[in-house]
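Just so it is clear, none of the values below were taken in a lab; they were calculated from the coordinates. No experiment lies behind these values; they were computed from the predicted model shown. In this analysis, Cβ positions are derived from the backbone assuming ideal geometry, glycine residues included, and neighbour counts consider all displayed protein chains.
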Amino acid sequence: METRAIVIEEYGHADQLKESNVALPELGEHQVLVKIKATSVNPIDWKLREGYLAQMMPWDFPIILGWDVAGEIVEIGSAVKDWQVGQEIFSRPETTRFGTYADYTIVDDHLLARKPEGASFEDAAAVPLAGLTAYQALFTHGKLKAGEKVLIHAGAGGVGIYAVQLAKNIGATVITTASKKNHALLKELGADQVIDYHTTDFSEVLEDIDLVFDTMGGDVQRDSFKVLNENGRLISIVSQPDEELAKNVAVAESIWLQPDGKQLQEIADLMTEGKVKSVVGHTYPLTAEGVKKAHELSETHHAKGKIVLVNE
Ligand SMILES: NC(=O)c1ccc[n+]([C@@H]2O[C@H](COP(=O)([O-])OP(=O)(O)OC[C@H]3O[C@@H](n4cnc5c(N)ncnc54)[C@H](OP(=O)(O)O)[C@@H]3O)[C@@H](O)[C@H]2O)c1
């Protein structure tokens, strides 16, 4: 079948984004077709659009960007057992060139989760990529436990808002960095201490940290080694830690998110229980013009929480 989509036909700036009709692959036996109600923007979208990931993902054009979906199942593959037409779901689909800036997308059934009860499609679409990244950095790799101290850089960003809440929920002491204008929000989400990175050098005021979640790289990552204790761990989602600095701590690694429906369902259940929520700072329509504006905002590195694209 064909879907309306926002695509790129070559790498470049935001003005490469255009509306087009794209033929989707045939539905596999363990896949479902989803009618998209909302999707969200993540920095990988514009990094890929610019061509920075072309070696890692050597795809043909056109490329439908976007790897978050909230919507309704409209068709199921012949071997799908646990999902039905009409169910409201959300997902971080596999990373293929048939992304989610579209009216329809195909999702593997093991990557689906039920939309949290009471959540809007916008709130649900904000979660999968960013929420799963936070979950895997903190728990799968960072092994964060109750009573430990975690430093989460960029708490007000797309990944940060979920990381702060997930860390607080398991009983960690949560320290985060943000501009002053976002401090009240982060306290409300559960941060115990918020450092204004414009005026305070975190590495001069913190010590004995068990886990640093690095969402920034560069100097922020390098200075983070100064605040870790001897059993400390540093998990980056941006760049590989320096090998020499890594020798002074227990764990220092850079990770890539692995899509996972079961973990997403855990986050969905926390949302249903009111323990985790989305912070949708900005919404745009799912049109070429809307996506262009959304990318330009994301590229400033100062969006508040998540940027969501609504399929009206
Ligand atoms: N490896 C993976 O699998 C993976 C997965 C997801 C994301 N990522 C990467 O992780 C990074 C973060 O993603 P994201 O979606 O959270 O980005 P984002 O939403 O664009 O982050 C924006 C936030 O960063 C904050 N910020 C900017 N400079 C800062 C600084 N020096 N210190 C502290 N906070 C600062 C801003 O806060 P203020 O406005 O308060 O200044 C803003 O709230 C991106 O590079 C992305 O590509 C990697």
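Descriptive notes on the structure:
- About the Cα centre, charge dipole magnitude for the stretch 67-178 (Lys/Arg +1, Asp/Glu -1 at Cβ), debye: 680
- Qualifying chymotrypsin sites (Phe, Trp or Tyr not before Pro) in the stretch 207-311, where qualification requires a DSSP coil assignment and no more than 15 other C-beta atoms within 10 Å, comprise W256.
- Long pairs among K187/K247; K168/K226; K181/K262, criterion Cα-Cα beyond 28 Å: K187/K247; K181/K262
- Estimated dipole of the chain in Debye, rounded to 20 [Cβ of Lys and Arg +1, of Asp and Glu -1, Cα centre]: 600
- Loop-resident GluC sites (Glu not before Pro) (DSSP state other than H, G, I, E or B) in the stretch 73-167 with no more than 16 further Cβ atoms inside 10 Å of their Cβ: E94, E117.
- Around the amide H of A154, modelled in the peptide plane, lie the amide H atoms of T177, all under 5 Å away and 5 or more residues distant in sequence or on another chain.
- Sum of side-chain charges, W59 neighbourhood, beta-carbon under 15 Å (Lys, Arg +1; Asp, Glu -1): -3
- Over the chain, dividing the summed -39,500 (n - 2.57) contributions of all DSSP H runs of at least 4 residues by the number of residues returns a 222 nm mean residue ellipticity of -6500 deg cm²/dmol.
- Overall Cα dimensions of the chain - principal axes, largest extent first, Å: 57, 40, 35
- Sequence of S120, S236 once ranked by neighbouring C-beta atoms within 10 Å, starting from the fewest: S120, S236
- Ratio of the Cα radius of gyration of the stretch 150-254 to 2.2 N^0.38 Å, where N counts its residues: 0.98
- Sites N229 and D201, calculated FRET efficiency, Cβ-Cβ separation with R0 22 Å, nearest 0.05: 0.75
- Local charge for F202 was computed over the other residues whose Cβ lies under 10 Å away, with Lys and Arg +1 and Asp and Glu -1, and equals -3.
- Selection from A246, V308, A268, by position along the positive dipole direction of the stretch 169-309 (Cβ): V308
- Listed residues I161, V80, F90: farthest to the positive end of the dipole of the stretch 67-216 (Cβ charges): I161
- Two-decimal Rg to Rh for the stretch 183-243 - Kirkwood Rh, Cα set: 0.97
- Ranking P58, T215, T100 by how far each Cα lies toward the positive end of the dipole of the chain (charges on Cβ) leaves T215 at the top.
- Dipole moment magnitude, nearest 20 debye, the stretch 1-88 about Cα centre, only Lys, Arg, Asp, Glu C-beta charged: 160
- With kT/(6 pi eta Rh) evaluated at 20 °C and eta = 1.002 mPa s, and Rh the Kirkwood radius from Cα pairs, the stretch 146-207 diffuses with a coefficient of 190 µm²/s according to Stokes-Einstein.
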